[in-house]
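Colleague: Take a look at this one; I'll ask things after.
The values are calculated or read from the model by the stated rules, or taken from the named source; none is laboratory data. On a predicted model such as this, the values are computed, not experimentally measured, just so you know. Cβ: placed from backbone, ideal geometry, glycine included. Neighbour counts: every protein chain shown.
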Amino acid sequence: MHVQDWLETIPAVAVYALVGVVIGLESLGIPLPGEIVLVSSALLASQHGDINPWVLGACATAGAIIGDSIGYAIGRKGGRPLLTWLGGKFPKHFSPANIALAERSFEKWGMWAVFFGRFVALLRIFAGPLAGVLKMPYWKFALANVFGGILWAGGTTAVIYTVGVVAEAWLKRFSWLGLVLAVAVGVTSMLVIKNRAKKAAEKAEQAEKDQKDAQPEPVAVAAD
């Protein structure tokens, strides 16, 4: 069944709850299709008056901010072992290569990695837990988390809803295109991230190897 068709069968309050929970769990670090659910719900809101776009956007924003905050707390407490555990549970998403790329992004961009990470499927999963693991100051994380959550969740809801209202008849006939585009963007982002992650891991491995090779070998001291 089409995601949007399924959403039409449940009450509006359940749609709000579903959007908030799915986006919250995704932001917490569990790989879920938060963006697809949000886009589908916003399109549905533009076609049915039962779903209030303001409430939908607020639930999506709350889920994003709260989920990231919980992920930060868990990451700060769990540390590196948490990443190892997540790698065992979700090897495709929390692979050593992906973690290496995310760490480099955080080292280079700091709090901006949390802010802009909202708009990249893979980094959206990493942002909260990794910020906690790397001990990012909470005030920096909170600022990036709140503003990033509002811009991504609220902005996505507003844009998709507005487009849906303006072109309602067209979207009713071809609403699947919105999901196709969302999936295409997500897949493309993940492929780019995966490629960069592989290069980052290879570079880190080579740097570690060069460092080991550069270390002088211990000199044996002859006994008298």
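Colleague: What do you reckon, is Ala100 out of contact with any Asp or Glu (no Cβ under 8 Å at 6 or more places or on another chain), modelled with pLDDT under 80 and among the small types (Gly, Ala, Ser)?
Modeller: Here the answer is yes, as Ala100 does meet what is asked.
Colleague: Looking only at residues in region 107-141 that are more than 14 Å from the chain's Cα centre (by Cα) and crowded, with 17+ Cβ neighbours inside 10 Å, which one is modelled with the highest pLDDT?
Modeller: Phe141
Colleague: For region 24-81, enumerate the residues that are among the hydroxyl-bearing types (Ser, Thr, Tyr), at pLDDT 90 or above and either touching a strand residue (DSSP E or B) at 6+ places or on another chain (Cβ under 9 Å) or under 19 Å from Val159 (Cα atoms) (or both).
Modeller: Thr61
Colleague: Assess whether Ala45 counts as being over 16 Å from the mean Cα position of the chain (by Cα), closer than 29 Å to Tyr16 by Cβ, among the small types (Gly, Ala, Ser) and part of a helix (DSSP H, G or I).
Modeller: Values: over 16 Å from the mean Cα position of the chain (by Cα): yes; closer than 29 Å to Tyr16 by Cβ: yes; among the small types (Gly, Ala, Ser): yes; part of a helix (DSSP H, G or I): yes.
It is true that Ala45 is over 16 Å from the mean Cα position of the chain (by Cα), closer than 29 Å to Tyr16 by Cβ, among the small types (Gly, Ala, Ser) and part of a helix (DSSP H, G or I).
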